[in-house]
Amino acid sequence: NIPHVCVNDSPHSEAVARLTIPLSKLLFTPKIIPKKVWEKYGIPKQAIIQYRALDPVTWIKDFQPNPEILKNLKLNLKQPIVAIRPTEAYAAYLRGKISNICPVTIKIAQKLLKLLENKVQIVIIPRYKEQRKVLKEKLAENVVIPEHAIDTASLLYYSSLFIGAGGTMNIEAALLGKPVISCFPGKTTFVERYLVNAKLIYRVKDPEKTVKLALNILQNAEKFLSSHKERALKILNHMEDPAEVIAKELKKRLNKLL
């Protein structure tokens, strides 16, 4: 008899939505996702509460980076830092459709290192031990591959470019004003489409085109970082804090939920 409240920005994750949305008394979600998208999972329109923001705004809006991340990963600010996040290969919406051994990530990293003559610091944040094992075998001497969970938000803050095949870190990097190349292998999501239209993310699936765009960004880093930071701040200033919206609405509706 404990009421379930759901916070979700990923209607493309159908398996999760089908399991949770029908059991939820309320659903909190970004306004850029139409209510009708959620209704098909069995929740009435009046139970859907939208906020004018993306989920990571809650922890990105007043974020203060920790420079210790540079020391921990043996990085410096003399050369550009490129952070890369491989695909969520075991996610229900991608399971069986893509490889879990990061062939695209490896290809992109190798080409960037070669074309930039190793004058770049590449950090690849694996999702699974299988990914870490393959990445270390193929790239260990030339890139940083963390052994444990790290302060990724601080890493993104100090990066010149983020290349991501997932979702959340793409959003975080974009809101921090960093150029983001999304190579997400699935269909474009509502959140990604919003960020592409806002000129905060570049959607590129082809590895060759990804490398070409990455080189352009790194060779003109000051221009790209300045324009992305300006656009990100403008968007952030018009967004509300999802956590505050959720807390306020739950307080208002608590008696009806119980």
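Just so it is clear, none of the values below were taken in a lab; they were calculated from the coordinates. Remember, it's a predicted structure, so these values are computed and weren't measured experimentally. Cβ atoms come from the backbone with ideal geometry, glycine included; neighbour counts cover every protein chain shown.
Let me spell out the model: positive unit charges on the Cβ of Lys and Arg, negative unit charges on the Cβ of Asp and Glu, origin at the Cα centre of region 60-236. What dipole size does that give, in debye rounded to 20? Mind dumping the intermediate values first?
Values: 29 positive and 15 negative charges, 86 e Å.
Charge dipole, region 60-236, about its Cα centre: 420 debye, nearest 20.
Residues of region 182-221 with amide nitrogen under 16 Å from the 7 Å Cα-to-Cβ point of Lys40?
Within reach of a label on Lys40: 187-191.
As an exercise, identify the GluC sites (Glu not before Pro) in region 142-246 lying in DSSP coil whose Cβ has no more than 12 other Cβ atoms within 10 Å.
Working: sites: Glu147, Glu172, Glu192, Glu208, Glu222, Glu230, Glu240, Glu244; in loops: Glu147, Glu240.
Qualifying residues, ordered by number: Glu147.
Setting aside same-chain residues fewer than 8 positions from Lys223, which lysines have a Cα under 25 Å from its Cα?
In chain and number order, the partners are Lys61, Lys78, Lys111, Lys114, Lys119, Lys178, Lys199, Lys205, Lys209, Lys212, Lys234.
Just name one of Ala247, Ile124, Gly42: the one whose Cα is farthest towards the positive end of the charge dipole of the chain (beta-carbon charges, Lys/Arg +1, Asp/Glu -1).
The residue sitting most towards the positive pole is Gly42.
Test of understanding: ordering Thr87, Thr168 by Cβ neighbours within 10 Å, fewest first, what list do you get? Please report the intermediate quantities before stating the final value.
Numbers: Thr87 24, Thr168 17.
In increasing order of surrounding Cβ atoms, one gets Thr168, Thr87.
Report the net charge of residues surrounding Val180, where surrounding means a beta-carbon distance below 12 angstrom and charges are Lys +1, Arg +1, Asp -1, Glu -1.
+3
Among Val196, Pro179, Pro56, which residue has its Cα positioned farthest towards the positive end of the charge dipole of the chain, with +1 placed on the Cβ of Lys and Arg, -1 on the Cβ of Asp and Glu, and the dipole taken about the Cα centre?
My answer, from the dipole projection, is Val196.
Tally Lys and Arg at +1 and Asp and Glu at -1 over the other residues with C-beta under 15 Å from the C-beta of Pro3: what net charge comes out?
Numbers: positive: Lys25, Lys251, Lys252, Arg253, Lys256; negative: Glu249.
Result for the neighbourhood of Pro3: +4.
Place a +1 charge on the Cβ of each Lys and Arg in region 99-177 and a -1 charge on the Cβ of each Asp and Glu, then give the dipole magnitude about the Cα centre in debye, rounded to the nearest 20.
Numbers: 10 positive and 7 negative charges, 61 e Å.
For region 99-177, the charge dipole is close to 300 debye.
Given N residues in region 60-236, what is Rg(Cα) / (2.2 N^0.38 Å)? Walk me through the intermediate numbers first.
Numbers: Rg = 15.0 Å, N = 177, 2.2 N^0.38 = 15.7 Å.
The value comes to 0.96.
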